[in-house]
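**Q** Dropping the structure in here first, questions after.
The values are calculated or read from the model by the stated rules, or taken from the named source; none is laboratory data. These figures come from a predicted structure and were not determined experimentally. Note: ideal-geometry Cβ built from the backbone for every residue, glycine included; neighbour counts use all protein chains shown. Just so you know, the surface numbers come from the protein's heavy atoms only, side chains and all, with ligands and any DNA or RNA stripped out. Shrake-Rupley method; radii C 1.70, N 1.55, O 1.52, S 1.80 Å.
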Amino acid sequence: MKGLDVKEIAEKIDFHQQNGIEMGKITNDYPELTVEEAYEIQKLTIQKYMERNDPLIGWKMGLTSKAKQISMNVEEPIYGRLTESMELNEPVLHVKNLIHPKVEPEFAFIINKELKGGNVKPRDVWAAAEGVYLALEVIDSRYENFKFTLPDVVADNASSTKFVLGSQVFSPAYTLWDKVKVTMIKNGEKVQSGYGNAVLDHPVHSVVELTKMLNRDNLIVKPGMVVLVGGITEAVSVRAGDMLKVDYEGLDSLDLEVKE
Ligand code: OOG
Ligand code: MG
């Protein structure tokens, strides 16, 4: 068995992320890869983005819903890093350099105060939340057939690829985020629906959990950062020509046009 070189693996993953080329699982070569080592690989990979003037602008949580944990066969939430180049400035997704993209409906919390520590509570998150946006995340696992183990998906930055926020910001306080009904419509047909409580019973718990997980790695949520809380429904595969409409009942709806 090869000795583990986290730098070399980070370089390889960066290449596959940048070029949208699929790869075999890291755990095929390193079956003993731990989750801690995988987070180290993720950090080194995103350092390469930062060296290319693509700064860290936030965090995402993944696998926060039971349905997603079951379908991906991974039993715990994970976090990933969001950089500036991942944010779409208009609701148009180009898939030319992607492998097998999927879209999922999410909420994004915008944080305006440092959030850190292992004892953070929902009220700390509310006190630091400037606003909540409706959001769509595009995930595109670099692994063949979208199949991976926990360390693999962590090393691949939790499949992060692109995300887009709605135009309207909502006050964190006036909406019961766990009770929001979300329906995904692809090419005029309803394909998925769910409620905000799919995300760890309440989306605020995802930000609490993120802060605790970051704390274990000596990291924090900085003022100004975006936090994607995790998919509310299963992710839906998309290809060029698709039109997605995602309705957040009582709030607004988001469109996404998929192009080559
Ligand atoms: C991992 C990322 C999942 C979410 O919101 O659950 C994720 C994957 O399924 O590829 O972003
Ligand atoms: Mg997601």
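**Q** Among the numbered criteria (1) closer than 21 Å to residue 147 by Cβ; (2) more than 16 Å from ligand 2 (Cβ to nearest atom); (3) modelled with pLDDT of 95 or more, which one does residue 73 miss?
**A** Every listed condition holds for residue 73 apart from (3).
**Q** Additional query: Condition test on residue 47, is it within 16 Å of ligand 2 (Cβ to nearest atom), modelled with pLDDT of 95 or more and either of a type in the set (Lys, Arg) or over 23 Å from residue 236 (Cβ atoms) (or both)?
**A** Considered against the rule, which asks whether it is within 16 Å of ligand 2 (Cβ to nearest atom), modelled with pLDDT of 95 or more and either of a type in the set (Lys, Arg) or over 23 Å from residue 236 (Cβ atoms) (or both), residue 47 comes out as no.
**Q** Quick check on my filter: what residues within the stretch 202-236 are assigned to a loop (DSSP other than H, G, I, E, B) and open to solvent by 20 Å² or more (accessible area, probe 1.4 Å)?
**A** Of everything in the stretch 202-236, those that are assigned to a loop (DSSP other than H, G, I, E, B) and open to solvent by 20 Å² or more (accessible area, probe 1.4 Å) turn out to be 202, 217, 218, 219, 220, 222, 223, 224, 234, 235.
**Q** Okay, next question. Which of the numbered conditions does residue 127 fail, given that it passes all the others? Conditions: (1) open to solvent by 10 Å² or more (accessible area, probe 1.4 Å); (2) over 28 Å from residue 36 (Cα atoms); (3) not in a helix (DSSP H, G or I).
**A** The single condition residue 127 does not satisfy is (3).
**Q** Going through the stretch 138-189 one residue at a time, which ones are open to solvent by less than 10 Å² (accessible area, probe 1.4 Å) and of a type in the set (S, T, N, Q)?
**A** 141, 157, 159, 160
**Q** Can I ask one more? Can you report the number of residues in the stretch 76-108 which are open to solvent by 10 Å² or more (accessible area, probe 1.4 Å), farther than 21 Å from residue 177 by Cα and within 11 Å of ligand 2 (Cβ to nearest atom)?
**A** 1
**Q** While we're looking at this one, here's another question. What residue, of 57, 26, 70, is of a type outside the set (Asp, Glu), buried (at least 21 other Cβ atoms within 10 Å of the Cβ) and either under 30 Å from residue 249 (Cα atoms) or within 15 Å of ligand 1 (Cβ to nearest atom) (or both)?
**A** On inspection, the qualifying residue turns out to be 26.
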